[in-house]
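S.K.: This is the structure I have questions about; it appears just below.
Please treat every number below as a calculation from the coordinates, not as lab data. What you see is a predicted model, and the numbers here were worked out from it, not measured in a lab. Heads up, the Cβs are rebuilt from the backbone with ideal geometry, glycines too, and the neighbour counts pull from every protein chain shown.
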Amino acid sequence: MMIFGHSLLEVGLFCALVIGCLWYDLHSHDDSKPVTAKSAAKWTAIWVSLAFIFAGYIGFTEGTDQMQLFIAGYLLEESLSVDNLFVMMAIFTSFGIKDAYQHRVLYYGILGAVIMRLAFVAAGSGLIKLFGPYALGAFGFFILWTAFKMFQSMNKHEEKEAVDYSHHWAVKWTQKFVPVHPHLHGHDFFVRTDENGTPVDAPKKSVENVKLAEKPVGKLVWRATPLFLCLMVIELSDVMFAFDSVPAVLAITPDPFIVYTSNIFAILGLRSMFFLLAAAKRYLRHLEKSVIAILAFVGIKMLIALPPVHFHIPPTVSLSVVVGFLTLGILASFLPEKKA
């Protein structure tokens, strides 16, 4: 039996690798604690190694040409997705989500990305090219706005965790369509409340001083928490970047299996790299400045790609700019701090 011209064994091997590692990853980080640099580095190495092991298997069964196409697609997708690394950091900053809950959000975000990328590959590049530039342009404004907000709060050394999200843009917009609870409720995406909006269940991992109702009033209602809204924006960011990256890999090979597998291995590895960067940011005092500069670059890059400018920055240039800013931030962090 063949799927997209590839054996059922190849498809099954890919699915088993992804499902098995995701299951183990979830159970390794289910205690709502920040992901350490050591753990992030270990998982980055695991995902990169698995990608090249899978490439070797394709080379053994399909030939070196197919293996080279997979590796080319994987490396291209990884380089194109580097921008998304910093956008995810900006989204967490926008929502004020503490490090302990970021793994849970990105874990379920990846599950959604696995499905969405399959839809994008199935749709091909035509539909993506039709709507992609305008969607990326709108997202570019969001990224520039977030970079500005990060710059404003850069000198505030204390890290403030959001408590009341009543006036947050995502809550104000979403609650027009679905019930939203304006407080975090542990690491839950949904919370059961009474008609007054008061939670009736204690959060599994309480971080907010939320008063629970002793006697629920009226009918119980399930409400989305700000953590779920953050997850939806993370999903949206992946969709935005798929507009750009999927057609690029399709230009290398029209083979849906190669395009999809290289995409998934790349975004799985990117998630681990995010936590490596986030861990480094806690110890390198000037790295946040680099992140702000990179976000500004990403936002401008998206906007100048719109008509009538139509200026496309090559992936190699984009990657060089990102690496350059990161290097400057890291080196500056090792310089002796000026005494006041």
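S.K.: Of everything in region 31-77 that's not in a helix (DSSP H, G or I) and not charged (D, E, K, R), which residue is nearest to ARG271 (Cα to Cα)? Step through it out loud before you land on a result.
M.R.: Of region 31-77, the ones not in a helix (DSSP H, G or I) are 31-36, 63.
Checking the rest, the ones that are also not charged (D, E, K, R) come to 32, 34-36, 63.
On the way: SER32: 17, PRO34: 14, VAL35: 11, THR36: 13, GLY63: 30 Å.
Step by step, filter region 31-77, then rank; the result is VAL35.
S.K.: Answer yes or no as to whether ALA280 is out of contact with any Lys or Arg (no Cβ under 8 Å at 6 or more places or on another chain) and either of a type in the set (Asp, Glu) or surrounded by fewer than 18 Cβ atoms within 10 Å (Cβ to Cβ) (or both).
M.R.: Yes.
S.K.: Let me ask something additional. Can you give me the number of residues within region 317-327 that are within 21 Å of the chain's Cα centre (by Cα) and among the β-branched types (Val, Ile, Thr)?
M.R.: 3
S.K.: Look at region 313-340 and say how many of its residues are hydrophobic (A, V, I, L, M, F, W, C), surrounded by fewer than 14 Cβ atoms within 10 Å (Cβ to Cβ) and assigned to a helix (DSSP H, G or I).
M.R.: 3
S.K.: Any residue at all in region 245-262 that is more than 30 Å from GLY186 (Cα to Cα) and free of Cβ contacts under 8 Å to residues at least 24 places away in the same chain?
M.R.: Scanning region 245-262, I find at least one residue that is more than 30 Å from GLY186 (Cα to Cα) and free of Cβ contacts under 8 Å to residues at least 24 places away in the same chain, so the answer is yes.
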